[in-house]
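**Q** Questions regarding the structure given below will be posed in turn.
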Amino acid sequence: MGRCCFPQQFRGSVPRCLENARSGGLLPPALELKPDFAEAHNNLGIAFQDQGKLDEAGVCYRRALELKPNNAEAYNNLGTVYKDQGEVGGSGRLLPTGMELKPDYAKAHNNFGNALKDLGKLEEAGACYRRALELKPDYAEAQQQPRYCFQRTRGTWRKRSHATVGHWN
């Protein structure tokens with residue numbers, strides 16, 4: 001297995017996570033048939049993350065990235081795990097990679113906006129949310145975020161962003 005360098009080590013290993021998934025009924029059949037299937041590791045990470053098992057999710061996302069280093073979804077998902085564990089800095093380093101790999105990935109722009117918002121970088125967060133909405137206008141998770149950022153910065157970015165968020169002003 002190759003090594004990936006990420007801001008934090010997760011407790012656990014791929015074999016242990018696979019055994020936990022097998023015993024919990026989460027193991028995708030694709031991993032039984034093809035253990036090096038990156039998308040299946042990513043999907044297993046999602047299942048663990050949905051259950052709040054962030055260490056296991058992180059191990060799965062890292063494995064997906066070891067197998068397929070250009071997997072934008074795995075970068076996004078691993079970035080959200082870091083954010084959920086309070087490692088916003090780690091999240092802020094991973095999420096942009098997913099956006100670079102897949103520039104039209106609205107969810108990654110939204111999640112990077114969330115990380116920036118948590119860091120207090122509201123103008124930058126607002127730009128990420130606006131970009132997510134440009135890519136996917138009906139993206140509910142991003143709908144109220146530009147308004148929040150605008151209100152918290154007391155309109156300091158109104159002139160620069162008027163054309164893209166005029167209806168929130």
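**Q** So which of 101, 135 ends up being more than 22 Å from residue 89 (Cα to Cα) and surrounded by fewer than 23 Cβ atoms within 10 Å (Cβ to Cβ)?
**A** 135
**Q** Out of the residues in segment 122-146 that are within 18 Å of the chain's Cα centre (by Cα) and among the acidic types (Asp, Glu), which is nearest to residue 107 (Cα to Cα)?
**A** For segment 122-146, the residue satisfying everything is 141.
**Q** So the check is Cβ under 9 Å with 6+ separation or different chains; which pairs have a first residue in segment 33-61 that's at pLDDT 90 or above and a second one that's of a type in the set (Asp, Glu) and surrounded by 24 or more Cβ atoms within 10 Å (Cβ to Cβ)?
**A** Filtered contacts from segment 33-61: 45/56; 49/56.
**Q** Taking residue 21 as the residue in question, decide whether it is modelled with pLDDT under 80, surrounded by fewer than 19 Cβ atoms within 10 Å (Cβ to Cβ) and small (Gly, Ala, Ser).
**A** Judged against the criteria, residue 21 is not a match.
**Q** Identify, by number, the condition in (1) surrounded by fewer than 19 Cβ atoms within 10 Å (Cβ to Cβ); (2) free of Cβ contacts under 8 Å to residues at least 40 places away in the same chain; (3) in a helix (DSSP H, G or I) that residue 93 doesn't meet.
**A** Going through the list (1) surrounded by fewer than 19 Cβ atoms within 10 Å (Cβ to Cβ); (2) free of Cβ contacts under 8 Å to residues at least 40 places away in the same chain; (3) in a helix (DSSP H, G or I), residue 93 breaks only (2).
**Q** Still on this structure: Given the criteria closer than 16 Å to residue 61 by Cα and either crowded, with 22+ Cβ neighbours inside 10 Å or hydrophobic (A, V, I, L, M, F, W, C) (or both), does residue 110 qualify?
**A** Considered against the rule, which asks whether it is closer than 16 Å to residue 61 by Cα and either crowded, with 22+ Cβ neighbours inside 10 Å or hydrophobic (A, V, I, L, M, F, W, C) (or both), residue 110 comes out as no.
**Q** Considering segment 101-130 alone, what residues qualify as being free of Cβ contacts under 8 Å to residues at least 24 places away in the same chain and closer than 18 Å to residue 78 by Cβ?
**A** Within segment 101-130, just 128 meets the criteria.
**Q** Still on this structure, please answer the following. Might you let me know whether segment 77-86 holds any residue that is surrounded by fewer than 19 Cβ atoms within 10 Å (Cβ to Cβ), at pLDDT below 95 and either of a type in the set (Lys, Arg) or at negative phi (or both)?
**A** yes
**Q** Answer yes or no as to whether residue 26 is outside any helix (DSSP H, G or I), crowded, with 18+ Cβ neighbours inside 10 Å and modelled with pLDDT under 90.
**A** Answer is yes for this residue.
The values are calculated or read from the model by the stated rules, or taken from the named source; none is laboratory data. Since this is a predicted model, take the numbers as computed values, not measurements. For neighbour counting, all protein chains shown are included, and Cβ atoms are generated from backbone atoms with ideal geometry for every residue, glycine included.
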